[in-house]
Amino acid sequence: MTRETWATRTGFILAAAGSAVGLGNIWRFPWMTAQNGGSAFLAVYLLVVFGVGVPGLLGEFVIGRRARRNPMGALRDLSGSRRWAAVGAVSAVTGVALLSFYSVVGGWILRYLLVSMTGPLTGGAAYLSTPGAYFETISFGFEAAAFHLLFLAITGGIVLGGVRRGIELGTKVMVPAVLVLLVGMAAWVVTQPGAGAGYQFFLGFDLTTLRENFFSILGPAAGQALFTLSVGAGTMVTYASYLGEDRSLPFDGSVIALLNTGVGVLAGLVVFPLLFSQGVDPGTGGPGALFVGIAGAFAALPGGGLLAIVFFGVVTLAALSSSISMLEIPVAVLVDEGGWSRRAAVGVLLALVAVTGTVTALRPALFDFVAGTLVDLLLTGGLLAFLLFAGWVLGRDAVAEYVSGAGPVARQLATPWLFAVGIVIPVFLVFTLLTTAGIDARVGFWPTVGVAVAAVAVVLVGLRRQATV
Ligand code: PHE
């Protein structure tokens, strides 16, 4: 069977942007921003998105388009090494891990959407009178598991349709809808009394907070930047492997990152003013902050019921266009490497995630671990592997792939890019891993940098060795 490709030029951009735009922008971003100093977090996050995320995204694109295979097959084919195949196979695990918690949150969203839609019939949506208690009762347990299964089934249905008729068609509808609806909501929020404090919190740049908390902001900001761009999981390797024609990877990557950042900022422009207009403090409440705060805001607003339907509808679409990209990673591995049919691959993986997601939905502590630490580690480690591969195994071939189809500006940037993905960003990623583990607090900043540099150097020597034997 010939391998499927995207049908149209915009198909790839929309699919990849759809993967990037998701709960990361609307649910995780405001939550992380609120917990890490507001606008100071936004500043660091933007720096990491463009300084690390975009070059990283291009690293995944280069690998995927060069190999035209899933992450596992790509690393094996391009290197001829079984060890690299094993590294690539981690992507399939990452896809399952991501989906195991994402689908639970997707279930919450679906439930809020359904309750918003049936609210008028039942005398007001159930979450409106006691938002906090409502979220408490629905977030974990068997009902949460049931809604997770519903969200998972929809995800599976789209992926079953394949690259063109499923993913491409789906994201072509979902991504523009998300953009239009969010712009509309942001414009409407401006008219709300009391919204100003929200803008101030989100956009009022404050250098003191930034200076005092830079290192504690760095870890969460970096994790969030990778998560929001869908970088490090192998999704972008997989999506780029369906590129048939010579698109400019740097151009497409920049468009995707700009779209994604735009949606993140738009979501912030909707969420923070709404919360502040209701006197809700976004800093409290963990993963439920969005649900509790927004539900409270809707309760107080005239026309809030309709707004709630639009809002949760948007979030559902954004979440689905991301969850399909998580499922597509292990699906592509099974189809390419195992010779499975798409139907069988989707079926088996749905059965697997039905179980892992249900366990996650029953155990809040496990949820926190998977959604936080595990995902941060898998994405940071995964990106590290992809970039060392692009920089040191592909090397010049990576540059050739980078410039193929690219314009003059991108060509100028090819060599600096290789330097960044081969050395600078790996050191940064290792450094971030070390600060996340709290090492810098114990040994100090410069020793931590030293350890990061040394670790990358050791890996590079190992890679050189392997290449020469
Ligand atoms: N970027 C997605 C979001 O913001 C999440 C995601 C991460 C999707 C990794 C695929 C791979 O919701």
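The values are calculated or read from the model by the stated rules, or taken from the named source; none is laboratory data. This structure is a prediction, so every number in the text was calculated from the model and none was measured. Cβ placement follows ideal geometry from the backbone for every residue including glycine, while neighbour counts extend to all protein chains displayed.
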Worksheet, complete the sentence: Note: among Leu229, Leu258, Leu249, just one is farther than 30 Å from Pro131 by Cβ, more than 14 Å from the ligand (Cβ to nearest atom) and buried (at least 24 other Cβ atoms within 10 Å of the Cβ), namely Leu249
Worksheet entry | Criterion violated by Ala300 - all others in (1) more than 16 Å from the ligand (Cβ to nearest atom); (2) touching a residue at least 40 places away in the same chain (Cβ under 8 Å) satisfied | (2)
Discussion item. Need the failing condition index for Leu243 against (1) away from the ligand (no atom under 16 Å from the Cβ); (2) out of contact with any Lys or Arg (no Cβ under 8 Å at 6 or more places or on another chain); (3) not basic (Lys, Arg), just the number.
Written reply: (2)
Worksheet item: Among Pro287, Pro220, which is within 16 Å of the chain's Cα centre (by Cα), of a type outside the set (Phe, Trp, Tyr), within 14 Å of the ligand (Cβ to nearest atom) and closer than 25 Å to Leu374 by Cα?
Response: Pro287
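Report whether or not Thr235 is of a type in the set (Ser, Thr, Tyr), within 14 Å of the ligand (Cβ to nearest atom) and at pLDDT 95 or above.
Yes; evaluated as a whole, the condition is true for this residue.
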Discussion item. Go through the stretch 448-469 and report how many residues are β-branched (Val, Ile, Thr) and surrounded by 12 or more Cβ atoms within 10 Å (Cβ to Cβ).
Written reply: 6
Practice prompt. Identify, from the list Thr261, Thr235, Thr228, the residue that is touching a Ser or Thr at 6+ places or on another chain (Cβ under 7 Å) and touching a residue at least 12 places away in the same chain (Cβ under 8 Å).
Written response: Thr235
Worksheet item: For the stretch 431-447, what are the residues that are within 27 Å of the chain's Cα centre (by Cα) and surrounded by 12 or more Cβ atoms within 10 Å (Cβ to Cβ)?
Response: Phe431, Thr432, Leu433, Leu434, Thr435, Thr436, Ala437, Ile439, Asp440
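Residues to consider are Gly279, Gly305, Gly338, Gly264; find the one that is buried (at least 24 other Cβ atoms within 10 Å of the Cβ) and of a type outside the set (S, T, N, Q). Walk me through it before giving the result.
Values: Gly279 fails: buried (at least 24 other Cβ atoms within 10 Å of the Cβ); Gly305 fails: buried (at least 24 other Cβ atoms within 10 Å of the Cβ); Gly338 fails: buried (at least 24 other Cβ atoms within 10 Å of the Cβ).
After applying the criteria, what remains is Gly264.
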Worksheet item: Can you name the residue in the stretch 325-345 that is over 24 Å from Val87 (Cβ atoms) and in contact (Cβ under 8 Å) with a residue 12 or more places away in the chain and, of all such residues, is farthest from the ligand (Cβ to nearest atom)?
Response: Arg343
Worksheet item: Looking at Val280, Val270, Val265, which is the one that is more than 20 Å from the chain's Cα centre (by Cα), β-branched (Val, Ile, Thr) and away from the ligand (no atom under 13 Å from the Cβ)?
Response: Val280
Worksheet item: When you scan the stretch 52-165 for helices (runs of 4 or more DSSP H) that lie fully inside it, which ones turn up with 1 or more residues that are without any contact (Cβ under 8 Å) to a residue 60 or more places away in the chain?
Response: 71-79, 82-118, 131-139, 142-160
